[in-house]
């Protein structure tokens, strides 16, 4: 062991984590190198804070003071529509100036869908079967064509799906994007702890690590060096969303315009909850600051509460579509501001003191992650904007039932039928699948401009694919 490695071992022993070296002398040289590399990546000061926070003596949980969040509602009168037009104008100016980059959170696998690959590769378009990645990438191509500026694409990937995600883009010719405009950022990992605050070994020479949550994107982007590259390129705004929603209006100029006009650091889109029982996070004021309240943390009385018009008081469901100022992202990424870490008790396979792998039958470990929306409370200014669920939110999360491939494809087809009607084209029957490719049109207005009044000379799906 080199003096540098010996010093590393001493630091872990001083932190009362020296047990991770108990099999070190029996490991091969490669296994020792792997373990040492892992240990060098672990922030012992953070581990200490997690232990102090989550293993402290019992104390009553903090009960936050909640109030409904302030939301820009759907435009319902001439004044609101005029305000929306002004926001669109400002958002479009930003896009033409090349001030916007797009960040997709794409670290997950599609195992819940019975599909063994990165979720972004899942085929979701109603007719063509285009993947989530292809639909999002084609939207960026179309935006670049519309505004005359390419938008950089940043993909937050996990260590497990980084290689297959990159390979998927390469095999499909980057879906028309310039390879130099596509950047992969690897998600950070955090160690799991046992009930006594000790690091868990997954193998004799490997620490158990798990993803640090989507809140880790702040540090991951800062560590990648891309923040400075984006600034030099003239980017000052990030448009953020999760890969599993094919209806995202990527870099929506109206949303960007509201964000920029109000000098917001962190903006978000919300939809009206389907009902009080829908299990989504809710935008609210939490102890006087904007935040997201998880469904399980919202008291039942507040969950059911309604205003004078019958709308849920806490009905602004977050759909994980955000806009950030790049400077705010940098402040969080460089540690100027800290996000809390949330604890999840899980069954974590581990190596016991004899070197055997134990598969526990009940939760034995503590995993930690941070949430990107916790940054709301740290932003100097925030904006929340309501959008129509039918136009912007049809996620693919479950194999069947709500938020499944079936419901997502049906929602896409339903939206495209409204575009076709607005363009003056024959509307397909409601039971059939309909698809409008992003390369043909990004919205009803563009479809009307390109094919309005035309009579399909062939199958509607071919006319409206655009690829």
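The values are calculated or read from the model by the stated rules, or taken from the named source; none is laboratory data. Everything numeric in this text was worked out from a predicted model, so none of it was measured. Cβ coordinates were reconstructed from backbone atoms using ideal geometry, including for glycine residues, and neighbour counts include every protein chain displayed.
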Name the residue, out of 396, 348, that is touching a strand residue (DSSP E or B) at 6+ places or on another chain (Cβ under 9 Å), part of a loop (DSSP other than H, G, I, E, B), crowded, with 19+ Cβ neighbours inside 10 Å and in the same structural domain as residue 187 (by TED's automatic domain parsing). 348
Quick test for you: out of 37, 67, pick the one residue that is within 33 Å of the chain's Cα centre (by Cα), in the same structural domain as residue 389 (by TED's automatic domain parsing) and outside any loop (DSSP other than H, G, I, E, B). 67
Kindly list the number of the only condition in (1) in contact with a helix residue (DSSP H, G or I) (Cβ under 7 Å, 6 or more places away or on another chain); (2) assigned to a strand (DSSP E or B); (3) buried (at least 20 other Cβ atoms within 10 Å of the Cβ) that fails for residue 384. (1)
Can you pull out the residues in region 411-442 that are within 23 Å of residue 133 (Cβ to Cβ) and either without any contact (Cβ under 8 Å) to a residue 12 or more places away in the chain or part of a loop (DSSP other than H, G, I, E, B) (or both)? 433, 434, 435, 436, 437, 438, 439, 440, 441, 442
Here are 162, 214, 172: which of them is modelled with pLDDT of 95 or more and within 17 Å of residue 243 (Cα to Cα)? 162
Number of the exception - residue 6 against (1) exposed (fewer than 11 other Cβ atoms within 10 Å of the Cβ); (2) assigned by TED's automatic domain parsing to the domain that holds residue 340: (2)
Tell me, which strands (runs of 3 or more DSSP E) wholly within region 266-313 include 3 or more residues that are not assigned by TED's automatic domain parsing to the domain that holds residue 380? none
Out of 375, 355, report the one residue that is in a helix (DSSP H, G or I) and either closer than 28 Å to residue 221 by Cβ or out of contact with any strand residue (DSSP E or B) (no Cβ under 6 Å at 6 or more places or on another chain) (or both). 375
Just one of (1) loosely packed, with under 13 Cβ neighbours inside 10 Å; (2) more than 14 Å from residue 67 (Cβ to Cβ); (3) touching a strand residue (DSSP E or B) at 6+ places or on another chain (Cβ under 9 Å); (4) in contact (Cβ under 8 Å) with a residue 60 or more places away in the chain trips up residue 288, so point out which. (2)
Residue list for region 127-142, filter: touching a helix residue (DSSP H, G or I) at 6+ places or on another chain (Cβ under 7 Å), surrounded by 22 or more Cβ atoms within 10 Å (Cβ to Cβ) and in contact (Cβ under 8 Å) with a residue 60 or more places away in the chain: 132, 133, 138
